[in-house]
1. List every residue pair whose Cβ atoms sit under 7 Å apart, with the two residues 6 or more apart in sequence or on different chains, where the first one lies in the stretch 72-90 and is crowded, with 17+ Cβ neighbours inside 10 Å and in a helix (DSSP H, G or I) and the second, anywhere, is of a type in the set (Phe, Trp, Tyr) and modelled with pLDDT under 95.
2. Can you name every residue in the stretch 114-135 that is part of a loop (DSSP other than H, G, I, E, B) and out of contact with any Pro (no Cβ under 8 Å at 6 or more places or on another chain)?
3. I need the full set of residues from the stretch 100-122 which are closer than 30 Å to residue 224 by Cβ and modelled with pLDDT of 95 or more, in order please.
4. Sort through 34, 69, 46 and tell me the only one that's out of contact with any Lys or Arg (no Cβ under 8 Å at 6 or more places or on another chain) and within 16 Å of residue 85 (Cβ to Cβ).
5. Could you identify the single residue in 168, 138 that is outside any loop (DSSP other than H, G, I, E, B), over 30 Å from residue 29 (Cβ atoms) and in contact with a strand residue (DSSP E or B) (Cβ under 6 Å, 6 or more places away or on another chain)?
6. Please go through the stretch 22-52 and pick out each residue that is under 14 Å from the mean Cα position of the chain (by Cα), under 26 Å from residue 103 (Cα atoms) and of a type outside the set (A, V, I, L, M, F, W, C).
7. Kindly provide the set of residues from the stretch 1-48 that are among the small types (Gly, Ala, Ser), more than 21 Å from residue 221 (Cβ to Cβ) and assigned to a loop (DSSP other than H, G, I, E, B), ordered by number.
8. What residue, among those in the stretch 217-233 that are without any contact (Cβ under 8 Å) to a residue 60 or more places away in the chain and not polar (S, T, N, Q), is farthest from residue 141 (Cα to Cα)?
Amino acid sequence: MPPPISVVEAYDQYFASRLYDKRYPQANSSTLAVVLDQIGRLGTKVLDIGCGNGRYAEALLKQSTATIVACDISREAIDELSSRYAGYVTSGRLRPVHGDLSVVAGSIDPDEKFDLAIMLFGVLGHIYSRTLRHETLASIRALLRPGGRIVVTVPNAARRFSRQQVAAKSLFTAGHLEAGDVLYERTSDGIVVKMYYHLYAIDEFVQELEQQGFRIVHVGAESFLPESAVVRSKLLRKLDGVLKTLLPLRYAYGFVAVAEVASEADASPRVPRPSAPGEVK
């Protein structure tokens with residue numbers, strides 16, 4: 001079944017129109033802190049999947065000693081990334097790659113492995129279909145060293161696009177979408193960008209990672225307020241931090257997980273235990 005829209009065309013338009021930069025002018029500081037912590041624990045070889053024009057890559061290059069292979073299927077995004085951070089490209093700390101993970105795998109040495117992969121701000125949810133999302137996670141696992149980890153975020157179905165979820169039911173019945181999929185639009189100054197998303201329940205998110213050979217290290221809230229608000233307002237960012245200490249994870253706007261390449265010993269079922277508000281460990 002072909003994708004309901006072209007994600008490549010949508011994101012080329014999203015970046016070229018500057019609409020993306022208007023909505024998300026910087027990294028989510030709490031998600032960035034998770035990534036920086038993992039770099040400190042694991043090592044500095046990072047794979048940034050769905051890097052866009054560098055919202056997280058820029059911060060990681062400035063705040064760590066990471067070397068980053070950054071890939072995106074949008075030519076607009078990669079061209080802008082390469083231009084914006086040409087100095088890092090020249091120095092070898094940033095390697096932009098236009099294409100998917102198969103292009104990344106073909107561009108590196110067969111023995112080259114990454115310490116950490118990041119797939120942020122719902123990139124996994126923009127991949128159609130479920131089969132391709134599973135294949136993507138398996139490909140990421142193959143590119144990580146033993147003990148390597150992934151930091152990945154997804155949108156919470158309980159908090160996102162309720163009207164679009166209702167509209168998607170007929171498309172699901174007709175076989176045009178899968179369960180959990182929605183179509184939506186981003187608009188500004190007469191620009192309309194048509195988008196696809198798969199929305200997640202927390203159990204589905206954890207299960208997908210575990211089924212593709214990852215062991216869950218941590219699952220928490222990406223934010224409780226909409227991310228576009230959190231990254232643009234210092235006050236709302238502080239409020240979001242307070243909400244993370246008070247509210248259950250089910251109310252999160254999006255989920256963030258840290259997961260490790262599983263060993264054979266990790267294949268046994270997880271034994272759940274109580275967790276603090278806003279997280280599951």
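The values are calculated or read from the model by the stated rules, or taken from the named source; none is laboratory data. Predicted, not measured: the structure shown is a model, and the values here were computed from it. Here the Cβ is made from the backbone with ideal geometry for all residues, glycine too, and neighbour counts use every protein chain on show.
1. 76/15; 77/11; 77/15; 80/15
2. Answer for the stretch 114-135, where residues must be part of a loop (DSSP other than H, G, I, E, B) and out of contact with any Pro (no Cβ under 8 Å at 6 or more places or on another chain): 120, 121, 123, 127.
3. 115, 116, 117, 118, 119, 120
4. 46
5. Within the list 168, 138, the selection yields 168.
6. Matches in the stretch 22-52: 48, 50, 52.
7. Listed by number, the residues that qualify are 6, 17, 43.
8. The residue in question is 229.
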